[in-house]
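Quick notes on the structure that follows.
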Amino acid sequence: MSGADQEGSPGFRAGFVSISGRPNVGKSTFLNAVLGQKLSIVTSRPQTTRNRIMGIKNLPGAQVVFLDTPGIHTPRHGLGSHMVKEARQAIHDVDVVLYMVEPARPHRDDLSILKTLRGEGKPVVLLVNKLDTVKKLELLPVIQAFSEAYDFHEIVPVSALRGDGLEEALGIIVGLMSEGPRLFPEDMLTDSAERFIVSEMVREKVMASTRKEVPHAVAVEVKRWEENERLISIGADIYVEKDGQKGIIIGKRGAMLKQIGTAARRDIEGLLGTKVFLELFVKVVPDWRRKKGVLTDLGYR
């Protein structure tokens, strides 16, 4: 690293960037790809991300602090209101906004969100994600339509899944950062507690393994965390709203719960770098998504 690029020198840049957009456009996949490590959970279902997730990317001469946010949508319960509040607050708190869309013409919700962004006065970079799903010629009318809807600083087609366009996007982001010292230690990846990330990894496996109304009725709380020289022993409660949902997650003779636990344990061991014993329990908390006290206890404030 040259002297002009070192932390605290005139050339060093740092700042906060939100990854914003509607549900299921690939925000979490983008964050994981940029970081080169799985931090945000990813499923094919919309509204997977419920909390703001911070991911820190250190580059030669820069530190970019990404905030992966829940998809902005019309909430139908207290949990949904929490998610939208998290997403909108992140936009307000950052230096640059990455607005991510799929390769399709603007949805009415996009237009509504862009109207909000216009009032913030922040530089906005449009990321047209899922480049790998369309032909290049099909992107042109999409880019044109979004260009007419908002005065973006830049428009970058990307494929978060394949890694296409990420270097270009990072270069643009760094160019928009102000000069200043590093905001977090260089070896820090996130400000999220390990317990939170572990609970999210378990929830991801539940969402991937279940259908219909079950995935969005699930919350996970780590209740026990014990470490010794050989392993970390973790106990977590999986909350659902109905007895039928509990039965689905447990499965016949506990087969589904065992499958969920095995898949989650592999990811958790990759995160923590040590052997893990994971014990899961399923509990029914009726209508928890609408109960303020329960939402607060689960960290959805």
Open item on the list: Residues to consider are Arg253, Arg224, Arg230; find the one that is free of Cβ contacts under 8 Å to residues at least 12 places away in the same chain and either among the basic types (Lys, Arg) or in contact with an Asp or Glu (Cβ under 9 Å, 6 or more places away or on another chain) (or both).
Closed with: Arg253
Open item on the list: Among the residues that make up region 205-221, is at least one of them surrounded by 20 or more Cβ atoms within 10 Å (Cβ to Cβ) and free of Cβ contacts under 8 Å to residues at least 24 places away in the same chain?
Closed with: yes
Open item on the list: Would you confirm, using the coordinates I've provided, whether Glu194 is charged (D, E, K, R) and over 30 Å from Tyr99 (Cβ atoms)?
Closed with: yes
- [ ] Search region 265-278 for residues being at pLDDT 95 or above, buried (at least 16 other Cβ atoms within 10 Å of the Cβ) and of a type in the set (A, V, I, L, M, F, W, C), and hand back the single one that is nearest to Ile238 (Cα to Cα).
- [x] Leu278
Open item on the list: Please go through region 72-116 and give me each residue that is at pLDDT 85 or above, part of a helix (DSSP H, G or I) and closer than 27 Å to Glu167 by Cα, ordered by number.
Closed with: Asp110, Ile113, Leu114
- [ ] Output the residues belonging to region 127-149 that are more than 21 Å from Ser18 (Cα to Cα), in contact (Cβ under 8 Å) with a residue 12 or more places away in the chain and outside any helix (DSSP H, G or I).
- [x] Val134
- [ ] Take Phe152 and decide whether it is assigned to a loop (DSSP other than H, G, I, E, B), surrounded by 14 or more Cβ atoms within 10 Å (Cβ to Cβ) and outside the structural domain of Ile53 (by TED's automatic domain parsing).
- [x] no
Task: Candidates Val282, Val220 - the one that is under 25 Å from Leu35 (Cβ atoms), in a strand (DSSP E or B) and out of contact with any Cys (no Cβ under 7 Å at 6 or more places or on another chain) - done: Val220
Task: Identity of the residue in region 117-126, outside any loop (DSSP other than H, G, I, E, B), modelled with pLDDT under 90 and of a type outside the set (D, E, K, R), that ends up surrounded by the most Cβ atoms within 10 Å (Cβ to Cβ) - done: Leu117
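The values are calculated or read from the model by the stated rules, or taken from the named source; none is laboratory data. Here the structure is a predicted model, which is why all the values come from computation and not from measurement. Please note: Cβ atoms are built from the backbone with ideal geometry, for glycine as well, and neighbour counts cover all protein chains shown.
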